[in-house]
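**Student:** This is the structure, below, for whatever I ask next.
The values are calculated or read from the model by the stated rules, or taken from the named source; none is laboratory data. Computed from a predicted structure; not experimentally measured. Note: ideal-geometry Cβ built from the backbone for every residue, glycine included; neighbour counts use all protein chains shown.
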Amino acid sequence: MDKVFARVGIARYGGTVSEEVYDDYGYYLGDIDADFSIMPVIVGASYLMGNKWKLELGGGISYWMVSGKLSWGDVESDEEDAALMTFYGVGGFRYQNPLGGITFRLGMNFLAVEDVGAPWPYISLGYGF
């Protein structure tokens with residue numbers, strides 16, 4: 001049975017990274033702290049063809065909002081904001097029993113950022129109810 005599977009997601013990652021800084025002679029210069037926040041919004045769809053073994057073809061876009069600030073001792077940078085739009089494609093096979101149980105996916109993602117693209121293989125194992 002053929003189906004269309006839609007995906008919409010939003011997430012937020014953030015934190016602080018601290019790194020000790022030394023000069024070429026090994027003298028401690030202080031700590032650099034980086035506060036960051038990453039929030040991707042992902043929208044995509046896949047077309048599934050087959051019964052238990054399905055061919056999966058799809059794609060989508062993701063919009064990444066990033067902000068960050070650096071500090072070193074008493075010196076602090078202004079908070080900087082940036083955004084990045086990426087496009088992705090999915091092609092692979094999925095085993096999914098309609099009655100539930102083990103699910104398995106194997107395939108290739110293609111990620112395009114501006115004029116650069118890269119293929120990424122994937123494998124996943126899960127359980128359906």
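**Student:** Exactly one condition in (1) within 24 Å of ILE10 (Cβ to Cβ); (2) within 22 Å of the chain's Cα centre (by Cα); (3) touching a residue at least 24 places away in the same chain (Cβ under 8 Å) is not met by GLY92; state its number.
**Tutor:** (1)
**Student:** Name the single residue, out of those in the range 116-127 being within 17 Å of the chain's Cα centre (by Cα) and of a type in the set (A, V, I, L, M, F, W, C), that is modelled with the highest pLDDT. Even if it seems obvious, please write down each step before you answer.
**Tutor:** Here is the first cut: in the range 116-127, the residues within 17 Å of the chain's Cα centre (by Cα) are 116-124.
Okay, now just the ones that are also of a type in the set (A, V, I, L, M, F, W, C), so 116, 118, 120, 123.
Values: VAL116: 89, ALA118: 93, TRP120: 91, ILE123: 96.
It comes out as ILE123.
**Student:** Kindly provide the set of residues from the range 85-115 that are modelled with pLDDT of 90 or more and among the β-branched types (Val, Ile, Thr), ordered by number.
**Tutor:** THR86, VAL90, ILE102, THR103
**Student:** Quick one: in the range 63-89, of everything that is closer than 30 Å to THR103 by Cα, of a type outside the set (A, V, I, L, M, F, W, C) and touching a Gly at 6+ places or on another chain (Cβ under 8 Å), which residue is surrounded by the fewest Cβ atoms within 10 Å (Cβ to Cβ)?
**Tutor:** Top of the filtered list is GLY89.
**Student:** When the residues of the range 1-17 are narrowed to those that are surrounded by fewer than 10 Cβ atoms within 10 Å (Cβ to Cβ) and out of contact with any Pro (no Cβ under 9 Å at 6 or more places or on another chain), which ends up modelled with the highest pLDDT?
**Tutor:** The selected residue is GLY15.
**Student:** Right, something else. Condition first: over 17 Å from LYS3 (Cα atoms) and of a type in the set (A, V, I, L, M). Now tell me which residues in the range 91-129 satisfy that.
**Tutor:** Within the range 91-129, ILE102, LEU106, MET108, LEU111, ALA112, VAL113, VAL116, ALA118, ILE123, LEU125 qualify.
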